[in-house]
Every structure is written in C-alpha cells, then in structure tokens.
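Below is one structure, written out as structure tokens; the observations come after it.
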Amino acid sequence: MRIARRRTAAVLLLGVSLFAAACNSGGDNGGGTKTDEKVELTFWTWVPNIDKVVEKWNSTHPNIHVTASKQAQGDEEVTKLLTAAKAGSPPDLAQVEYQALPTLVSNDVLADIKDKVGNAKSDFADGVWQTVTLGSDAVYAIPQDVGPMMLYYREDLFKKYGLTVPKTWEEFAATARAARKKAPKSYLTTFSSGDPGWFVGLAQQAGASWWGVNGDTWSVSVNDPATKKVTDYWSGLVAEGVVDSKPMYTPEWNKSLNDGTLLAWPSAIWGPGVLAGNAADTKGKWAMAPLPQWVAGENKTGSWGGSTTAVTEGSKHKDAAAQFAVWLNTDPEAVAALVREGGIYPASKAAQAGPALATAPDFFPNQPDFYVTAKGIADTAAGFTFGPNVNVAYSAYKDAFAKAIADKAPFGGALDTMQTTTLDDLKKAGFKVAG
Amino acid sequence: MSVDATPAGRSRKRTAPNLVPYVFLAPAVVLFTLVLLVPIGYTAYLSFRKVKVSGLGLGKGSRKEIFAGLDNYQATFTDPELWAGALRVLGYGAILLPAMLLSALLFALLLDAPRTRFARFGRIAIFLPYAVPSVVASLLWGFLYLPAVSPLHYVLERFGVEGPDLLGQGSIVGALANIGVWGGVGFNMIVIYTSLRAIPRELFESARIDGCSEWQIAWRIKIPLVTPALIMTTVFSLIATLQVFTEPTTLAPMTNSLSSTWTPLMKIYRDAFVRNDLYSAAATSIVIAGITLILSFGFLRAVQNRAFGSEDQ
Amino acid sequence: MSTALATDRSVSTHKHPPARPQKQRRTSVLGTAALMLGALYCLTPVAWVVIAATKSRDDLFDTLTFMPGTSLFENIHDLTTYRGGMFWEWTANTAFYAGAGAFLSAVLSGLTGYTLAKYRFRGRNVIFNILLAGVLVPAVTLAIPQYLLMAKVGLTDSYWSVLLPSIVSPYGMYLARIYAAAAIPDSLIEAARTDGASDVRIFSMIALPIMRPGLVTVFLFQFVAIWNNFLLAFVMLSDDHKFPLTVGLYTLLRQGNTTPALYTLVITGSLLSILPLAALFLTLQRYWRIDLLSGATKG
C-alpha cells in the first residue's frame, strides 16, 4: 500500500513539474521574441545547398539559430519523422512533401500554426494553400515549392525524325508510334512503375482526386473514371510496344536521356535540374511544352513533387519555428536564394514572377521564355486531396504496376489492386470510410 | 586441439561456486540484454498492439494504441505475399548456398594446396568484395546487369546478339544470388582457410609420403577435419540468406521484377518504414525470427555432434 | 581473361619465387587457373567502381562501362568541397564508429569467448546459446524498437546510439570461444593459477596475447560490419554531422525526384570508403597468417 501511495505521489509530482514545464515553454512560445534568449532550432531538409539560405537567416536573426540537417528524401524520412515524434525528439522544422501532410497530421506530428503565420496565405495560390490546410481552418505547413507538370522533349531529335509536338494525348500516342517507326531503338517516353507521384500528376490532370472528405468520413476513389482513363491509355501504349516500360531514375534511364533513345519526358517544372544533372551534354537540345491535353483546346495540368516547411507539434519553440518557416518561403530574398541555390520552383506567387526566375534555366538557352510559359502552365494545375495513407497507395502502385508490366498484363487490374489496398488499409486502421 | 573439461574439481578448492566466470560474462550479458533482448521484448509487446483511429483521424487524440490480441499474427499468417516471399527466398538460397559454399571450400583448398601459385593475390582478390558494402555491391551489379549500360550487352551487341534482361522475371533470382556469392565467397573462404591452416602440417606430409595426391589429401583429410568450420559457415550463411534484404531492396527501383515484398524481410521493412505500421511489422518479425531459429537450430542439432563434438562432450 | 593469361605465362617462367619454405613442387596449372578465375570474378566489379569513379557525370552514362574517364580528381574535389567537407566528416565518424566499436567488440568477444571456453559453470551452455541466437535477429526487425528504447533514455542522435549496439557481436563471441578453446592450453592456465595469478591477470597477461590473432580476425570482421552498416545509423541519427559514410552517401542518392542523384559523388565516395578497408586487410593479414600458423602448431 505504502509503495502504491508513494507512486501516486510521484506521479502527481511528475504531473506538476510537467505542468510547470508547460507553463515555462508556454511563456517562451507566447512571448515570441524575448530579448537575449537564444533559441536553437533543428530543421530536417533535403534541398541541395539549403545551408546557404539558412545562413542568411542566422546572420540576420541572432536570437533564433537554425541548424539544417540534410536527410534522404522519401518514405523513410516520413517514417523517421513519425518515429522521432513518437519518441518525443522530433526536429523543430521539417521538409514535408504535400502528399505526406495528411499522414503526419493524422499522427499528431505537425503543429497547427495558423495563429503564427500572419497573412502568409496571401502569398500563395488558393489551390496550393488548400493542401497545407487539408481543407480545414488549421495551417499545418508553409508551401515551399510546387511541381506543375509539363512535357519535355528533344527538340533536335523531333526535328530529325519529323515529329510534331503533341497537343493532345491522342497526338501523343500517334507521335509515340511514329517515333518507333523512325527510330526503332528509341521510345517517345517510358511508363514508370517506380514513380507514383508522376502517375498521380497525370491522373490529376485528367480530373482524378483519390481521397475525399465528407463530414467525418473519408472516401477513396483511386480507380475513378478519370484515373481509369489514364491507366488504360498507358496500358494500351505499353502493350502496343510504342512506349517503354522501364522505371525512371535508373542508370538505364539516365543513359537514355544521354544517348537520345528517350525522346520526351512528361515531367514537372523542376525537370531542367534533373536533365542538366543527368545529361549535361544535351544542353540546348530539349524544349518544354504544356502537357498534352485530354480534350483539345483545354489547358489543364497536374502536379508532381513539391514540398512544404512544417513545424512539429513536439517543438519547444513553435513561434520561432513558424517565423522561420514563413520567412524561408515568403521572404523575397530567401525564396530567391532557394531558387538559385536549391533549384526549386517556388510556391510563392510573387517569387514565381520575381527576378530569380526572369531568365530561362541555363539548360534551356533555346527557350528564353521558359519561365513565362511555365507560369502560364502552373496556373492551370488541378487540385487534389491527399488522404492519410498516401504511403500505402504509393507502395501499392509500385508493386501492382510493376507486376502488371512484368506479367505483360493490362494495367486495369493493378489500379483495382491499388484501390482495394488503400481502402482496406484505412478501414483496418479504424478510419471512418465510405464504401 | 580439443579441450576437455577444466579439471576444476581437482586443482581448485570447491569451497564456494566460482563467481569469476559470471563476472567475466557480465559485460556481454548486460549489453546483449540492453541492445538485443529488451528490444526483442519490446517488439514482442508491439506485436500485440495496434493503432485505432477514430473518425477522420485528423483531430488531436484521434489515434490510440490499443491491445490487438492475435490480430497482427493472424494477418501475418494469412498474408499470401509473405509465404510467396518465403518461397522466393528458398529458391534464392537453393542457388546461393551451394554455389557460394562450394566455391569457398574450393578456393580455401586451393589456397592451402602447396602447388597453387599466387595464393596470396588470390586470397586478397577473392576476399576484397567483402569490403564492399552490400548497397554499393548491388548498385554496381545493377550497372553490370542493366542492358543499356552493361558491358556484357555491349559486347553481345557487337556480335549482333540481343542480350538477355538479367533483371527480368526469369533471371532475377540468379542475378541476386550472384551478388550474394560475390560478396560472401571471400568471407567463407577465409573462415574455412583459417581452420585448414590449423591442421598440423605433419598429417599431410605423412600422407604425401604414402603417395596420396593433393586431391586425395583434400578429400580424405582436409575436408573431414574442417567439417565443423563447414557446418558453421553453412549455418551462418543460411541465416544470412534468410535475412536477404539489402540486395533486392537496392535493385528494386531498377526493375519491374522486384516488389516491395519480394522477401519476408522486405515486407517487414515496407510495413515498418513505408506504411508506418510498426505493429504488423513486429508480428511478422517475431514469426520470421522464430522460423529462422527453428531452421538453424534444427540444422545445428542434426549435425551437432560434428560441430561441437570435440568441445562439448 | 587477360589476367589469367598473364598468370600462366609468369608461372611457366618461374619469375615468382615460392612464397613458402616448403619443398618446391610442380605448379598446379588447373588449380592456379581456377583460383585466378575466382580472383577475376571478384575483382571485375571492383574494377568497375574504380573506373566509374574516373568518369564525369555524363560520361558515366554515356561511355562504355569499362572505358576510364579523366575526372577522378574532379570528382574527389567535388566530393571534398560538397557542403564544406561533409564527406570527410562522415569518413571520420565512420572511422570512429568502426574503430572504437570493433575494438570494444573484440575485447568483449575475447573476454566472453575465453570465459565460455575455459570455465565450467552452471548456465554456460544456456548463455552461449542465447548469445549465439542473437545472430538470428535481423537488424531490420529491431531498428525501430531500438530507436524507441534509445529515445527513452535520451540517447538517440548520439554517438552512443550507434556505438553501443555495434559492440555486441554474437558471431565474434562465437569465433572467440572456438579460438580460445583451440589455442589456449589448459595446462598454461593451471600453471599460472598454481603460481598464484588472479583470474583477471591470467586473462589479460596469458589468454589475451594468445588469442590475439583470433581477436584480430574478430576486430576485422566487426570493423567491416560497422563500416558498412546502414540501417542502425540511418534510424538512430538525424544530425548529419554525426552520419557515417553509408548514411551520408545515401542522402546524396536520395535527394528527391526533383534533384538528380549524385551518382558520381556516390561512386567516388564508395571507392574512397572501400580503400581504407582494403588497406586494413593488407596490414592485418600479416598478423593473421603468421599468428594463426604459430597458433596451429601450438594447438
């Protein structure tokens, strides 16, 4: 009995001290910038050269010191963040891709910083801002970069083989066939089972939205008609043998960018950086055009990639962290530095039209109006709601589509597998799901 | 060679149980407990838990960890992918183990044979891949396999032959086993070679005087004497085989033939690191560890007298 | 193939003096050829790493695989200047993790192996079997539980979080036990004991020196294992100044879709990270062979 009582006392004590600690940190938070008190923030990110941008902040903000810690990008980083948060030792700030936000929010990893971000909302397009609020009145992150999709193609080889730039997907298919005839070793492009983000972008363009919220109920519609249309389209091209089916971002793919056996790449605004990095010798040979359309005359695109800066719930200095997140992604100088050093395409509207993007990428000397065209395309990006288990859907995509390709089966079954896997996972976890 | 029981009873006074060995073992036992046993226990605990989300799962506290009973285990045992993965690993092991161990034995015998030249060079060369991290090994073999960048395909193309896709569905198991052989043969060769060197040389000399050929010596004297080493390398290789993970994981993004659940361990990784479902991963881990335990101890038991016969009995 | 041919030629001309002081016998051409074939098989991919490290970024994918480039020094320079010398910080970290971890592991294995081999006591086999069973537990399954537990004692993202688990090596303990059993004569221990030496003294002054070759082997194996370990450090560490090479290079490979993987840096970095291990083999193998030979004659 006595032991039990002592334990109760201990728990009470612990509770009190925790409460006191909460008060302290509360003061710290609420007070914002207390003079002389130096705040240390850690920031997980994978943007190249971001140290230089962070250095700018540190030199102008002596009281809030940010340390950038470079992480590998991908699902593992999300898991690492989840685990760190679970263990009570998350970083103060983290780079988070748009599609990972719902997962992290659902796991209580990210802080709602709506009362700490001022009117940052006005810096971003409504559609972009919506993805960081998850359609609620909370704010879970500040958008950093966006990835509106566009088509890159080898201008020189298109000319050589007498191909025209396709304006619709129908034309794209015809171009793919023509390319195979003119250059039997080459493919117009490849359908990659390794890049779910790419596929989602294509589906977005067609009007898909895989997750939805209705009241307190989720819905999952991975195999909606729009996605089915996209799937069947590519399935047909692969079966016909006019589009390659090897994954992207492999040594083999890199080679095909170099040796001209890949003629086009439906990609996103950040494409020039990848092309320059993997195939420097092809400088000036690529050109960019809007993504082919499903209906002639329309102007729609999807998004591939893009990320945000988020403040974690476990951070002891949320005010300071939010201040940094806002600065990093809206301050003209900071964003310009991100564009220059990190090669991102900013989410900030002002920066999209800013001086950092006034001239075309070095890799596209043949297209001086690159960013003007790009901004026009960016404005047509369709919205998309991500759900709390994007990771599950994405890994299902990789497995199911890879299997379909390996088995030479139509992709429709793979899409259905994705739908079932995603839906079952939500149900299993206890989410309220329709259907 | 063999060590009989320490003649403790004879030479040491048996006044009290000797505490020294326990003190000596304490550091190992304590560390082992901290970094392995406790996490294993924790894994076992997690395997009986799961997360329950309520509603949209976006509000605070909408996610609770609850007791799951045997749910995770049931899911593990009824997941066809897991067993398909296990079968694939068996197929992989059926190629890898004999190829690797037999060549390791062969090279060890060659190194030990007096008539082999350049033994020193050979030993270092064959052992060198062991220094290459398996991630790098898989990456570089990937370069050698992928048709567009492979030198093999380059040569074949010169002869007008279309090279096979070594990462295709038909050959992927062999391609992976090859990486395993490449990385592991040197290590096993050294272990076997080390125990070959421990055999007193006089044994061979007398055999040679009796007119035995080197192959006869190898077959009749050397191999029987290094049987314990062979058994242990087999056991350790078997365990490593069942845990195959890095190679397929590294190669997976390069091909359509490898799924994220290609081996059981990859499935565990996917559940834990991609799907953030630590609980399912924990249950599968326990099951896999249990099966590995049974297999390897079963094998050890079957050959025990040979492996430890000299020391334990 | 050229290596094998060169080998045969030099064999026939007997340019190389016999390495061992045994009576010279006829060279086994078949055996030597088989060994050289094995060496070729093992060296070819290593040669690929060396050659690939000499290529510039676009040459890597543009030129024939085994055609050397001219950019080795550029690549090393790029690697060295990457984020203000981060690569060398990673190298230093790795050297520390592997050096300290393998050393402690060898000592611990030595003590444990010696005790298990040379003492009779209740629970000996149980303890041995449990320790040995540690081999059966894949790192993947334990990484996250280990992280969560480390977090409970506030050790995550510290050097300790990587070092501590690296010290425990079931395989090392097993090898040390086998080695101690074979190499240390009981009579020697008995004699020392009769002279009044304490157990600690017997272990440190008699057993350890005899076990040195075995422990060098354990050290080497563990050194390699830690040097090449990825997952543990990946999970435990978030401060990139504490990263080992494997995790650091991984961040170069995985910078996201929007940035090309820095293949050349990774390959050059891999090559540079393999070199110290190769050097270590060459240095330590001398110990290894001579001592094992003498150990064998004594045993």
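The values are calculated or read from the model by the stated rules, or taken from the named source; none is laboratory data. What you see is a predicted model; the values in this text were computed from it and never measured. Backbone-built Cβ (ideal geometry, glycine too); neighbour counts: all protein chains shown.
Values computed for the structure shown
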{"read-out": "Search result, residues across region C:187-213 that are closer than 19 Å to C:Gly110 by Cα and of a type in the set (Lys, Arg)", "value": "C:Arg201, C:Arg212"}
{"read-out": "Qualifying position, being more than 25 Å from B:Leu278 (Cα to Cα) and not charged (D, E, K, R), among A:Ser122, A:Ser106", "value": "A:Ser122"}
{"read-out": "Residue check for A:Thr164: at pLDDT 95 or above and part of a loop (DSSP other than H, G, I, E, B)", "value": "yes"}
{"read-out": "Residues of region B:66-76 satisfying the condition of being in contact with a strand residue (DSSP E or B) (Cβ under 8 Å, 6 or more places away or on another chain), surrounded by fewer than 20 Cβ atoms within 10 Å (Cβ to Cβ) and in a helix (DSSP H, G or I)", "value": "B:Asp71"}
{"read-out": "Tally of residues being in a strand (DSSP E or B) and under 19 Å from A:Gly302 (Cα atoms) across region A:377-435", "value": "1"}
{"read-out": "Criterion violated by C:Arg83 - all others in (1) within 13 Å of C:Thr268 (Cβ to Cβ); (2) outside any helix (DSSP H, G or I) satisfied", "value": "(1)"}
{"read-out": "Lone unmet requirement of (1) out of contact with any Leu (no Cβ under 7 Å at 6 or more places or on another chain); (2) more than 25 Å from A:Ala381 (Cα to Cα) for A:Gln130", "value": "(2)"}
{"read-out": "Number of the condition not met by C:Phe234 [criteria: (1) surrounded by 21 or more Cβ atoms within 10 Å (Cβ to Cβ); (2) away from chain B (no Cβ under 13 Å)]", "value": "(2)"}
{"read-out": "Unmet criterion (only one of (1) hydroxyl-bearing (Ser, Thr, Tyr); (2) surrounded by fewer than 24 Cβ atoms within 10 Å (Cβ to Cβ); (3) more than 14 Å from chain B (Cβ to nearest Cβ); (4) over 17 Å from A:Ile269 (Cα atoms)) for A:Thr330", "value": "(2)"}
{"read-out": "Residues being of a type outside the set (D, E, K, R) and more than 10 Å from every other protein chain (Cβ to nearest Cβ) - total across region B:88-113", "value": "16"}
{"read-out": "Residue count for region C:256-269, restricted to those that are at pLDDT below 90 and out of contact with any strand residue (DSSP E or B) (no Cβ under 9 Å at 6 or more places or on another chain)", "value": "9"}
{"read-out": "Contacts under 6 angstrom Cβ, first residue in region A:246-259 being facing another protein chain (nearest Cβ under 7 Å), partner part of a helix (DSSP H, G or I) and not basic (Lys, Arg), 6 or more apart", "value": "A:Thr250/B:Met254; A:Pro251/B:Phe143; A:Asn254/A:Asn278; A:Asn254/C:Phe61; A:Lys255/C:Phe61; A:Asn258/C:Phe61; A:Asn258/C:Asp62"}
{"read-out": "Checklist (1) surrounded by 21 or more Cβ atoms within 10 Å (Cβ to Cβ); (2) more than 14 Å from chain A (Cβ to nearest Cβ) applied to C:Gly196, failing item", "value": "(1)"}
{"read-out": "From B:Gly309, B:Gly211, residue being modelled with pLDDT under 85, more than 23 Å from B:Leu97 (Cα to Cα) and of a type outside the set (Ser, Thr, Tyr)", "value": "B:Gly309"}
{"read-out": "Residue check, C:Lys152 modelled with pLDDT of 90 or more, surrounded by fewer than 24 Cβ atoms within 10 Å (Cβ to Cβ) and over 17 Å from the mean Cα position of the chain (by Cα)", "value": "no"}
{"read-out": "Qualifying residue in region A:212-228 (condition: in contact (Cβ under 8 Å) with a residue 24 or more places away in the chain and assigned to a helix (DSSP H, G or I))", "value": "yes"}
{"read-out": "Selection count where residues are in a loop (DSSP other than H, G, I, E, B) and under 22 Å from B:Ala252 (Cβ atoms), scope region A:233-260", "value": "7"}
{"read-out": "Selection from region B:46-65 of residues that are touching a residue at least 24 places away in the same chain (Cβ under 8 Å) and either of a type in the set (A, V, I, L, M) or within 9 Å of chain C (Cβ to nearest Cβ) (or both)", "value": "B:Leu46, B:Val51"}
{"read-out": "Scope region A:353-372; condition at pLDDT 90 or above and crowded, with 16+ Cβ neighbours inside 10 Å; matching residues", "value": "A:Leu357, A:Ala360, A:Pro361, A:Phe363, A:Phe364, A:Gln367, A:Phe370, A:Tyr371"}
{"read-out": "Residues satisfying the stated conditions in region A:277-297, i.e. within 30 Å of A:Leu101 (Cα to Cα) and without any contact (Cβ under 8 Å) to a residue 24 or more places away in the chain", "value": "A:Gly277"}
{"read-out": "A:Ala173 aliphatic (A, V, I, L, M), at pLDDT 95 or above and closer than 30 Å to A:Ala406 by Cα", "value": "yes"}
{"read-out": "Subset of region C:53-80 [outside any helix (DSSP H, G or I) and under 23 Å from A:Trp46 (Cβ atoms)]", "value": "C:Arg57"}
{"read-out": "Any hit, region B:114-126, residues being part of a helix (DSSP H, G or I), of a type in the set (Lys, Arg) and more than 7 Å from every other protein chain (Cβ to nearest Cβ)", "value": "yes"}
{"read-out": "Top-ranked residue of region B:77-113 - restricted to ones that are buried (at least 20 other Cβ atoms within 10 Å of the Cβ) and among the charged types (D, E, K, R), ranked as modelled with the lowest pLDDT", "value": "B:Asp112"}
{"read-out": "All helices (runs of 4 or more DSSP H) inside region B:156-263 with 1 or more residues being of a type in the set (Phe, Trp, Tyr), within 14 Å of chain A (Cβ to nearest Cβ) and surrounded by 15 or more Cβ atoms within 10 Å (Cβ to Cβ)", "value": "none"}
{"read-out": "Unmet criterion (only one of (1) assigned to a helix (DSSP H, G or I); (2) away from chain C (no Cβ under 14 Å); (3) buried (at least 20 other Cβ atoms within 10 Å of the Cβ)) for A:Leu275", "value": "(2)"}
{"read-out": "For B:Asn72: the one exception among (1) more than 14 Å from chain C (Cβ to nearest Cβ); (2) over 29 Å from B:Ser237 (Cβ atoms); (3) touching a residue at least 40 places away in the same chain (Cβ under 8 Å)", "value": "(1)"}
{"read-out": "Matching entry among A:Val146, A:Val165 (being closer than 19 Å to A:Ala325 by Cβ and hydrophobic (A, V, I, L, M, F, W, C))", "value": "A:Val146"}
{"read-out": "Selection status of C:Val46, at pLDDT 95 or above and either part of a helix (DSSP H, G or I) or surrounded by fewer than 20 Cβ atoms within 10 Å (Cβ to Cβ) (or both)", "value": "no"}
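Results for (1) surrounded by 19 or more Cβ atoms within 10 Å (Cβ to Cβ); (2) more than 12 Å from chain B (Cβ to nearest Cβ); (3) closer than 15 Å to B:Arg270 by Cβ; (4) modelled with pLDDT of 95 or more, shown as yes or no for each residue.
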site: A:Asn389; (1), (2), (3), (4): yes, no, yes, no
site: A:Ser395; (1), (2), (3), (4): yes, no, yes, no
site: A:Phe401; (1), (2), (3), (4): yes, no, no, yes
site: A:Ile405; (1), (2), (3), (4): yes, no, no, yes
site: A:Ala414; (1), (2), (3), (4): yes, no, no, yes
site: A:Thr422; (1), (2), (3), (4): yes, no, yes, yes
site: A:Leu426; (1), (2), (3), (4): yes, no, no, no
site: A:Phe431; (1), (2), (3), (4): yes, no, no, no
